[in-house]
Amino acid sequence: MITIQVSEIVQKCIENDRKAQHEFFRLYRQKVFDLAYRSLGVKIHIDDVVQQVFIALFGSLRHFKGESSLDTWVYRITVKICTTQLRKKYRKRQPLIVYDSMEKENEDSSGLDPAATLEKKELVRAIYDAFDKISNEKRLIVTMYEMDGHTIEEIAHILKKPIGTIKSRLFHGRRALEKHLRGYIKA
């Protein structure tokens, strides 16, 4: 459930208090950005998606009942907007997903020898390609579980899907990634 301070911010946002809306945006901007970026990749203007998410959040904030945490509610709306974006713009070709942790690893590889750096870049490219080849739903669930650290129960709650469905898509998503990365996985 939400804390008193966040509860006050939510109430003031509903009353169109600009300072409270700015504070709400400040609290959730990075979480929304990270999820959108991981889900949609670099081929979509993430700032536009973040803006759409916050427009939707502020528009439906009065319907938030506090039955789940505010974080879960924000996450659910972000997932819904991202899924809509994927359906609209990428029916034929799925976007490339870029993960911040991988980029940071690439930046840290400057001390390695050129062969190791090239090998690492090749692996990262293979991971991007593998994620690009799995379905949107599986990619989202694998991202939420592996990258964002959500439990299967949390993902089921956020996506409003049965736990069995989440487990199945996670299993098949991982299996598809393994298949595409077979040459890179050491037994």
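The values are calculated or read from the model by the stated rules, or taken from the named source; none is laboratory data. Here the structure is a predicted model, which means the values were calculated and not measured. Glycine gets a Cβ as well: all are built from the backbone with ideal geometry, and neighbour counts include every protein chain shown.
Just to check your reading of the model, which residue among K104, K120 is assigned to a helix (DSSP H, G or I) and at pLDDT below 75?
Selected residue: K104, the only one of K104, K120 that is assigned to a helix (DSSP H, G or I) and at pLDDT below 75.
For segment 155-183, how many residues meet the condition of being out of contact with any helix residue (DSSP H, G or I) (no Cβ under 7 Å at 6 or more places or on another chain) and either loosely packed, with under 14 Cβ neighbours inside 10 Å or acidic (D, E) (or both)? Step through it out loud before you land on a result.
Taking segment 155-183 and keeping what is out of contact with any helix residue (DSSP H, G or I) (no Cβ under 7 Å at 6 or more places or on another chain), we get 160-161, 164-165, 168, 171, 175, 178-179, 182-183.
Still in the running and either loosely packed, with under 14 Cβ neighbours inside 10 Å or acidic (D, E) (or both): 160, 164, 171, 175, 178-179, 182-183.
So the count comes out to 8.
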